[in-house]
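Worksheet: the structure to be examined is printed underneath.
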Amino acid sequence: MNKTDYLIREETMALDTAFDPEYQTIIYDQDGVFHSRKSKLELLREACIHYRMCDFEGVLKGTKQIFNFNKAPVVLGDGLIATPTKSPKSYDCQFIFLANVVDFNATADGLYVTFSNQQKLKLNCSMHTFQKQFSRTMICAGYYHGLGKYIPWKKMI
């Protein structure tokens with residue numbers, strides 16, 4: 001389904017690269033899977049302005065300055081942290097919203113996350129990278145919001 005006016009929200013589960021000539025981003029949402037002509041970074045930039053009243057680059061700069069993280073999580077607002085699987089500026093970076101992740105498993109085929117609606121998504125990173133990014137997201141959540149809301153209850157790292 002095409003979604004031209006999509007705004008990242010609490011129900012957003014992931015942003016992925018579409019690898020399609022017409023669409024740039026696949027949006028995994030609790031209400032379905034949508035395709036957008038906007039890039040992942042455009043969607044994140046719009047959410048930063050909407051929820052934080054600042055730009056994407058400022059959010060990343062602040063996170064990197066406070067925590068000295070590479071591949072810094074993007075704190076968009078209350079309940080919204082986008083966790084990158086690679087450098088946020090990498091074309092094939094996936095952004096996972098951990099508030100909607102209930103489980104993750106490494107299989108012979110790769111690493112998968114399971115979302116609150118039971119949909120699964122194969123990640124393009126190793127378990128080690130995911131665990132490191134998970135930990136960074138918890139640190140950012142604790143700093144920005146306080147802990148509890150972002151911890152998938154089935155697995156603790």
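The values are calculated or read from the model by the stated rules, or taken from the named source; none is laboratory data. Keep in mind the model is a prediction, meaning the values are calculated, not measured. A quick note on method: Cβ atoms are made from the backbone with ideal geometry, for glycine too, and the neighbour counts reach across all protein chains shown.
A Cβ distance below 6 Å, combined with a sequence gap of six or more or placement on separate chains, defines the contacts here; from the range 35-62, residues that are at pLDDT 90 or above reach residues that are surrounded by 14 or more Cβ atoms within 10 Å (Cβ to Cβ) and of a type in the set (Ser, Thr, Tyr) in the pairs His35/Tyr23; Ser36/Tyr6; Ser36/Thr25; Arg37/Tyr23; Lys40/Thr25. Among the residues of the range 107-132, those identified as surrounded by fewer than 16 Cβ atoms within 10 Å (Cβ to Cβ) and either farther than 22 Å from Thr12 by Cα or not polar (S, T, N, Q) (or both) are Thr107, Ala108, Asp109, Gly110, Tyr112, Lys120, Lys122, Ser126, Met127, His128. If you take the residues of the range 44-67 that are small (Gly, Ala, Ser) and out of contact with any helix residue (DSSP H, G or I) (no Cβ under 8 Å at 6 or more places or on another chain), which of them is nearest to Ile27 (Cα to Cα)? Looking at residues that are small (Gly, Ala, Ser) and out of contact with any helix residue (DSSP H, G or I) (no Cβ under 8 Å at 6 or more places or on another chain), I get Ala47.
Of all the criteria given as (1) among the hydrophobic types (A, V, I, L, M, F, W, C); (2) surrounded by 13 or more Cβ atoms within 10 Å (Cβ to Cβ); (3) over 22 Å from Tyr112 (Cβ atoms), the one not satisfied by Met53 is (2).
Scanning the range 126-144 for residues that are within 13 Å of the chain's Cα centre (by Cα) and either among the β-branched types (Val, Ile, Thr) or over 15 Å from Phe69 (Cβ atoms) (or both) yields a single hit, Thr137.
If I ask for residues that are within 16 Å of Tyr143 (Cβ to Cβ) and within 14 Å of the chain's Cα centre (by Cα), which ones from the range 60-77 would you list? Spell out the reasoning first.
The first filter runs over the range 60-77 and keeps only residues within 16 Å of Tyr143 (Cβ to Cβ), leaving 60-69, 72-77.
The answer is Leu60, Ala72, Pro73, Val74, Val75, Leu76, Gly77.
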